[in-house]
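The values are calculated or read from the model by the stated rules, or taken from the named source; none is laboratory data. A quick note: this is a predicted structure, and the numbers were derived from the prediction, not measured. Remember, those area values only see protein heavy atoms, side chains included, never the ligands or the DNA or RNA. Shrake-Rupley method; radii C 1.70, N 1.55, O 1.52, S 1.80 Å.
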Amino acid sequence: MKIIDSHTGGEPTRTVIAGITLPKGALVARDFLSKEADWIRTALINEPRGFDAMVGACLCDPADPTCVTGVVFFNNVSYLQGCLHGTIGVVATLAHLGRITPGDHRIETTSGIVTATLADDHSVTVKNIPSYRLATAASVEVPDYGTVTGDIAWGGNWFFLISGQGPAIRRENIDDLTQFTSSVRQALETQGITGANGAEIDHIEVFGPPLNGLNADSQNFVLCPGKAYDRSPCGTGTSAKLACLAASGDLKEGEIWRQAGIIGTIFNGSFQSIPDSEKILPIVTGRAFVNGETILVLNPDDPFQFGINS
Ligand code: PYC
């Protein structure tokens, strides 16, 4: 199996580019991977080859022939619905391989088709799937923290977005932020607070003012399913934030929102309205760098050929 590693604003993406055969279409491929070949996920993501923050991407032929590729994203515990840092990483990987050149490229993900525009300076702008705010100022009782209030929004994953509560958004608080957001996630589940149609809210996002010197409108911390935090500002999380800003009228169509993540990297966000709809199309720009090309060796004598805990 051949992989290419990249990172988008510090958040890694490990893309399989050869050595596996998947059925056509991102949704069918995800079904196949999760039911028949989950060892690919565990071999790529779990230690000793991977680590908890690693996100994997398996490319497949798209069901929609207008797409340049299909892709299935996954992490240390499951398959992700959407992943924009990963989409940016996949685009950088395809460009590195010479499979695409600057311009617009449609990509079939398991949450829908996104359009990625690769620029000459290697930045990638992704127009995401329709996103929206489902609830405003929802309250949850969190043991040890009390009442926590946040918005619930869809940006390709379900997010609970908290502003001005919890530990300050600073790198030295990463352990405290992880503890706080994990407790919120647990409390949402226990109290039956969900996204639409009972969907689990599996990403928790906390916002605060940006660290002095950062040219950003806000800084965030995002807890992903599996308890790793996003090193980047999280593309689907930025999309959920844009949906909330659009709904509250705090950002106008076409205006730029600069979202910094916990390590200080920045995604530029804006949105396009959808006529006769409360939903918006988030537009998120970031940059990924390829930083490795590897052939994986699966040795049948190795007790951890498929990863620890697989
Ligand atoms: O950038 O959308 C994203 C993402 C989701 C989980 C990790 N990164």
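Classify region 1-70 as rounded, prolate or oblate, taking a ≥ b ≥ c as the square roots of the eigenvalues of its Cα gyration tensor: rounded when a/c is under 1.5, otherwise prolate if a/b is larger than b/c and oblate if not. Mind dumping the intermediate values first?
Working: a/c = 2.13, a/b = 1.40, b/c = 1.52.
Note, shape of region 1-70 comes out oblate.
Let a ≥ b ≥ c be the square roots of the eigenvalues of the Cα gyration tensor of region 106-179; is it rounded (a/c under 1.5), or, if not, prolate (a/b larger than b/c) or oblate?
Working: a/c = 3.27, a/b = 1.73, b/c = 1.89.
Cα axes put region 106-179 in the oblate bin.
What is the set of long-range amide H partners of E47 at a cut-off below 5 Å, with H atoms built 1.01 Å from backbone N?
Hits under the 5 Å cutoff: I308.
For region 210-272 and region 3-70, what is the separation of their Cα centres, given in Å?
Region 210-272 and region 3-70 have Cα centres separated by 25 Å.
What accessible area, in Å² to the nearest ten, does a 1.4 Å probe give for M54?
Counting only protein heavy atoms, M54 exposes about 10 Å² to solvent.
List, in order, the whole-Hz ³J(HN,Hα) value for each residue of region 169-181 obtained from phi through the Karplus relation with A = 6.51, B = -1.76, C = 1.60 and θ = phi - 60°; use x for Gly and Pro.
Whole-Hz 3J(HN,Hα) from phi for region 169-181: 7, 9, 4, 5, 9, 4, 5, 5, 5, 5, 5, 4, 5.
How much accessible area does D217 have with a 1.4 Å probe, in Å² rounded to the nearest 10?
D217 has an accessible surface of roughly 80 Å² with all protein chains in place.
So for the chain, averaging the separation of alpha carbon pairs under 8 Å that are six or more residues apart and normalising by length, what relative contact order in percent results?
Numbers: 784 pairs, mean separation 65.7, N = 310.
Worked out over the chain, it gives 21 percent.
Could you sort out which of K35/K127; K2/K24; K2/K35; K24/K227; K127/K241 sit more than 25 Å apart by Cα distance in this structure?
Numbers: K35/K127 30 Å; K2/K24 19 Å; K2/K35 22 Å; K24/K227 31 Å; K127/K241 15 Å.
Check vs 25 Å cut-off fails for K35/K127; K24/K227.
Treating only the Cα positions of the chain as identical point scatterers, give the base-10 log of I(q)/I(0) from the Debye formula at each q in 0.16 Å⁻¹.
Here the Debye-derived log intensity ratios amount to -1.36.
At 222 nm, what value in deg cm²/dmol follows for the chain if DSSP H runs of at least 4 each add -39500 (n - 2.57) and the sum is divided by all its residues, to the nearest 500?
Working: 5 runs with 63 residues, N = 310.
One gets -6500 deg cm²/dmol as the mean residue ellipticity at 222 nm.
Can you say what percent of the DSSP beta bridges in the chain, counting only those with both residues inside, are antiparallel? Round to 5.
Numbers: 65 of 79 bridges.
Given both bridge residues lie in the chain, the antiparallel proportion sits at roughly 80 percent.
Normalised by the residues of region 53-123, what does the relative contact order come to in percent, with Cα pairs under 8 Å and at least six apart?
Values: 107 pairs, mean separation 20.4, N = 71.
Worked out over region 53-123, it gives 29 percent.
Shape call for region 53-139 from the C-alpha gyration tensor, a ≥ b ≥ c root eigenvalues: rounded (a/c under 1.5), prolate (a/b greater than b/c) or oblate?
The shape class here is prolate.
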